[in-house]
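Read the structure below first, then the notes.
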Amino acid sequence: MNNYLLAPAVQAYIRENINADVNKIALAKSPFQNISATELAAQITAKKKAEKKLPTWFSTNGIYYPTTLSIEQTSSEIAAEYKASLAKGNNLIDLTGGFGVDSYYFSRKLKAVTHCEINSTLSQIAQNNAIALRADNISFFSGDGLSYLIQTEEKFDTVYLDPARRAEKGKVFMLKDCTPNVVSNLDFLLSKSNRIIIKTAPLLDITAGLLELKNVSEIHIVSIKNECKEILWVVEANANPDPKIIAVTINETQKAFSFLKSENNTSAAYTNNISTGDYLFEPDAALLKSGAFNLIGNKYDLQKLHPQTQLYISKSLNPLFPGRAFKIEEIYSTNDLKKLKLINGNVIVRNYPAKPEDLVKKYKIKPGKDQFLIFTKILNGDHIILRSSIQQYY
């Protein structure tokens, strides 16, 4: 960490050049002693990446930025704020503190937070930024968080950790392949706290995670603007054996679809009777990740189009539904579509044997602002196209 980068004149230069060509800055001579042009370019690049993801950091003076990879890997403020709502008690230890976004939001709810980070430079950066953000209830340990927890006699009301995957193994991974190894250390963690919060990437299969972990009381699937960002596993000493699954959608408003795991063993109501004027519902990514495809319809009194088509129909619009809602204007067969001379709409494909870009080319479809062409399959096996107008975004 180069503390010269925190000088007021340097910070002003970074702000003034936030939209400048960083390649030119990196290749030019640095206007400051003890600071390279490469360092200036790196700070500008990282700060720019933080503008939308971390607006509090972006707008605060005296923030020191790590590598752009650290910015990309850290939680967004929106996700961190939700995560903080799950913490309980007065004190929390963040075993994998990183850039410190999660710790900062935990500190806004709890009286004391301990931030552990094995990378000494990143630990120093997080500590500097906590001072800039006036988060004076965070203490810092530069070293392995699990080792710190082993050495200390202190117990914590909540333990939080974000295990890192040790190696890329395609889209399938297990918690035992991560560092720290939560599976082998879970009993120890529960001896230090009654509440453990584990963050994983959405790639982790929920069923696989439950097979590895015990004492799971809640699973929170968090999506932001229909993009599944993370899964939060709440582990408690006296957990109910039937965990609660919460699919959380965060957009302009926040919605939640929650159910007990045992409730997912239910059948769906299907229909082939689709009419113009009906409403079509497409679940948010968090709901789809939950796997509660039949339960979604039952909870919101919707009928499903097909076992492999996660689209639902109703005669009325339900604004509480977490996902997009469309009003069906026309129903076409593929033969009908071939006869149309001018076709406008944004193409959506759900359980249909073609890619959107191929359909656009084949039928010469022009983009439409609020109009959508939904290519899908219904219960009797027919492929249909629903020309629909958007009624509700996520």
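Quick notes
- The listed residues are I118, I93, and the only one of them that is β-branched (V, I, T) and in contact with a Cys (Cβ under 8 Å, 6 or more places away or on another chain) turns out to be I93.
- Close pairs (8 angstrom Cβ cut-off, 6 or more residues apart or separate chains): at positive phi in segment 268-281, assigned to a loop (DSSP other than H, G, I, E, B) and of a type in the set (G, A, S) anywhere: none
- Entry remark, segment 36-59: residues being within 17 Å of Q124 (Cβ to Cβ) and surrounded by fewer than 19 Cβ atoms within 10 Å (Cβ to Cβ) number 1 in total.
- Considering segment 235-265, the residues that are surrounded by 14 or more Cβ atoms within 10 Å (Cβ to Cβ) and of a type in the set (S, T, Y) include one that is farthest from the chain's Cα centre (by Cα), namely S258.
- E227 within 13 Å of the chain's Cα centre (by Cα), acidic (D, E) and surrounded by fewer than 17 Cβ atoms within 10 Å (Cβ to Cβ): yes
- Every pair of residues 6+ apart whose Cβ atoms lie under 6 Å, when the first sits in segment 232-243 and is under 19 Å from D205 (Cβ atoms) while the second is acidic (D, E) and surrounded by 12 or more Cβ atoms within 10 Å (Cβ to Cβ): V234/E218
- Entirely in segment 205-251, the strands (runs of 3 or more DSSP E) that have 2 or more residues that are in contact with a Lys or Arg (Cβ under 9 Å, 6 or more places away or on another chain), small (G, A, S) and not assigned by TED's automatic domain parsing to the domain that holds A286: 216-224
- Subset of segment 337-394 [out of contact with any Leu (no Cβ under 7 Å at 6 or more places or on another chain), of a type in the set (K, R) and touching a residue at least 40 places away in the same chain (Cβ under 8 Å)]: K377
- Annotation: of all residues in segment 310-333 being polar (S, T, N, Q) and assigned to a loop (DSSP other than H, G, I, E, B), the one that is nearest to Y394 (Cα to Cα) is N318.
- Filtering segment 371-392 to residues that are touching a strand residue (DSSP E or B) at 6+ places or on another chain (Cβ under 9 Å), part of a loop (DSSP other than H, G, I, E, B) and surrounded by 12 or more Cβ atoms within 10 Å (Cβ to Cβ) leaves I378, L379.
- Of everything in segment 61-105 that is in a helix (DSSP H, G or I) and of a type in the set (A, V, I, L, M), the residue that is modelled with the lowest pLDDT is L69.
The values are calculated or read from the model by the stated rules, or taken from the named source; none is laboratory data. None of these values were measured; they are calculated from a predicted model. Positions of Cβ are backbone-derived with ideal geometry, glycine not excepted, and every protein chain shown enters the neighbour counts.
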